[in-house]
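Down below is the structure, laid out as structure tokens.
The values are calculated or read from the model by the stated rules, or taken from the named source; none is laboratory data. Everything numeric here is computed off the predicted structure, so don't read it as measured data. All Cβ positions, even for glycine, are placed from backbone atoms using ideal geometry, and neighbour counts span all protein chains on display.
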């Protein structure tokens, strides 16, 4: 009886150990993670942007197009060999478009879904984090502003970056630097004198 009990106990312990190992392996992979908005500081803490006089102008922000080679690939960790990828099943273009709309609206720009006086569209050319000793994120956008007739008013490339220390290969750290980089790209856009000129014509 004791032998059977010990054998059964050993089987249970072994199964639990294998389960824990499998769980540990799964937890060590950041693949197919959702995109989460988690900035470390709002755009209001950056250099102030003057949008006075632009309040009555309707800016239509069309969905951005993701031009990256692999839409799912958003990060890479080189702390260990083999290198570990970070991927998402979410729509990066939809995520960036939505957050840019919120950021522009928070500044006082009148963002609309349709019927805009000025239409903004463009491409995402980079949305990526390189993790080594630090988390280094970069977001690059190629944008165009046009009138309702399709005439191009202004074209611009805008970039946002973010860098920080953090525990290796953690989703929260990827979320933070990517969110801050999107804020950086939007802030660089609205700080450019061309932004005001494209919206106001002046």
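In the set 115, 194, 166, 155, only one residue is in the same structural domain as residue 48 (by TED's automatic domain parsing), touching a strand residue (DSSP E or B) at 6+ places or on another chain (Cβ under 8 Å) and closer than 20 Å to residue 35 by Cβ; that residue is 166. Selection within segment 118-153: residues that are over 22 Å from residue 66 (Cβ atoms) and touching a helix residue (DSSP H, G or I) at 6+ places or on another chain (Cβ under 8 Å). The member of this set that is surrounded by the fewest Cβ atoms within 10 Å (Cβ to Cβ) is 153. Among the residues making up segment 77-89, a single one is surrounded by fewer than 15 Cβ atoms within 10 Å (Cβ to Cβ) and modelled with pLDDT of 95 or more: 89.
The residue of segment 51-66 that is nearest to the chain's Cα centre (by Cα), among those that are assigned to a loop (DSSP other than H, G, I, E, B) and in contact (Cβ under 8 Å) with a residue 60 or more places away in the chain, is 64. Residue count for segment 45-81 under the criterion of being within 17 Å of residue 127 (Cα to Cα) and either in contact with a helix residue (DSSP H, G or I) (Cβ under 8 Å, 6 or more places away or on another chain) or not assigned by TED's automatic domain parsing to the domain that holds residue 187 (or both): the result is 8.
For segment 179-193, the criterion of a residue being more than 30 Å from residue 76 (Cα to Cα) and free of Cβ contacts under 8 Å to residues at least 24 places away in the same chain is satisfied by at least one position.
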